[in-house]
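The values are calculated or read from the model by the stated rules, or taken from the named source; none is laboratory data. Being a predicted model, the structure only gives us computed values, none of them experimental. When we count neighbours, we look across all protein chains shown, and the Cβ atoms used for this are built from the backbone with ideal geometry, even at glycine.
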Amino acid sequence: MDWNRIKTIFIIAFLVLDVFLFSQLMTKSRQFEVRNDATLEENLKSDGIVYDGLPKDVVNDYYMSANTKIFSEDDIMKMKEKVEYPEDRSSIHVILEKPIVVVEREDFLELNDYVFTHVLHGELYSFWNYNKEENTVTYYQKYNDKVLFMNRSAHIVFQLNDEGEAISYDQTMLDIDTFKPISEKEEVYPALRALEALYSKGVLKPGSTVLDSELGYYSLVNMEATQVLTPTWHFLTKNKDGTIENLLVNAFEGQIIQAQQQTNENTKME
């Protein structure tokens, strides 16, 4: 009897068995994930939650860092309007020569055009919302076309007068030349999983509709001169009572970052 040959046959047989068992395990795992997704979708449907059009692409991203921009004398000299600024020049306050009508024009096209053509690096900012109670219109900076959500160090806030006209704005910015990855590239949570985090915590309310969803960044660490940014899912939702909410979820860890209610506001929608 050729024991070496028998031993080889046994080794090959066990390898084949291991491969078979592994393939069965992976199949069951995939089936389990599908059933989980099916269960989640059934639960969302039973609670009357509408979420059509969620992004489905697999996305990889980094933790990022960026420094606060210090506005230079050259920056300020480019401005045609009157500019005021603190000693450290980390922000600027601009008083418009001619007010811009805002409230009567809900598309905000004129104000958007002003930002794009007159504001320093205005092309890097995206409209966020009109807040009726505070009488302000807010824009947030973008990096690689991703919005820096609710970032006070990267925004433009227009102040309106009682006639609904923009009369001045405050601008802050993260220096576009200082953005850099500070981690290995890794896969972010799919949008549906981020939505599940909101649903499981009761933040996503029954009868609500997801109006918009997008991937951007949120400041995980905000020091005076430097920020650490994490990929973040933003969901714009409308509740049964008509209120609008901005919901943010950490796209690496699935943690709910912020839920900000906005009643009776014009809000960014794609």
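Here are some notes:
- The single residue among VAL83, VAL94, VAL137, VAL147 that is within 13 Å of GLU165 (Cα to Cα) and either free of Cβ contacts under 8 Å to residues at least 12 places away in the same chain or of a type outside the set (Lys, Arg) (or both) turns out to be VAL137.
- For LEU160, the test of being crowded, with 18+ Cβ neighbours inside 10 Å, not assigned by TED's automatic domain parsing to the domain that holds LEU247 and not charged (D, E, K, R) is passed.
- Output for the stretch 123-132, where each listed residue is farther than 16 Å from ALA166 by Cα and either surrounded by fewer than 16 Cβ atoms within 10 Å (Cβ to Cβ) or of a type outside the set (A, V, I, L, M) (or both): GLU123, TYR125, SER126
- Some residue of the stretch 54-68 being closer than 24 Å to TYR130 by Cα and out of contact with any Cys (no Cβ under 8 Å at 6 or more places or on another chain): no
- Any hit, the stretch 133-140, residues being surrounded by fewer than 15 Cβ atoms within 10 Å (Cβ to Cβ) and either among the aliphatic types (A, V, I, L, M) or in contact with a Leu (Cβ under 6 Å, 6 or more places away or on another chain) (or both): no
- Residues (in contact with a helix residue (DSSP H, G or I) (Cβ under 7 Å, 6 or more places away or on another chain) and within 28 Å of TYR62 (Cβ to Cβ)) located in the stretch 125-144: TYR125, PHE127, TYR139, GLN141, LYS142
- Just one of the listed residues (ASP170, ASP175, ASP162) is closer than 30 Å to LYS80 by Cβ, of a type in the set (D, E, K, R) and in contact with a Lys or Arg (Cβ under 9 Å, 6 or more places away or on another chain), and it is ASP175.
- Which listed residue is surrounded by 15 or more Cβ atoms within 10 Å (Cβ to Cβ), assigned by TED's automatic domain parsing to the domain that holds PHE127 and outside any loop (DSSP other than H, G, I, E, B), from TYR217, TYR169: TYR169
- Selection of the stretch 145-194 for residues being touching a Phe, Trp or Tyr at 6+ places or on another chain (Cβ under 7 Å) and among the β-branched types (Val, Ile, Thr) yields VAL147, ILE156, VAL157, ILE182, VAL188.
- Residue check for THR172: in contact (Cβ under 8 Å) with a residue 24 or more places away in the chain, within 18 Å of ILE244 (Cα to Cα) and among the polar types (S, T, N, Q): no
- With respect to the conditions (1) touching a Ser or Thr at 6+ places or on another chain (Cβ under 7 Å); (2) closer than 22 Å to ASN246 by Cα, LEU160 falls short on a single one, namely (2).
- Residue ranges of strands (runs of 3 or more DSSP E) in the stretch 71-133 with at least 2 members of a type in the set (D, E, K, R) and closer than 20 Å to THR172 by Cβ: 82-84
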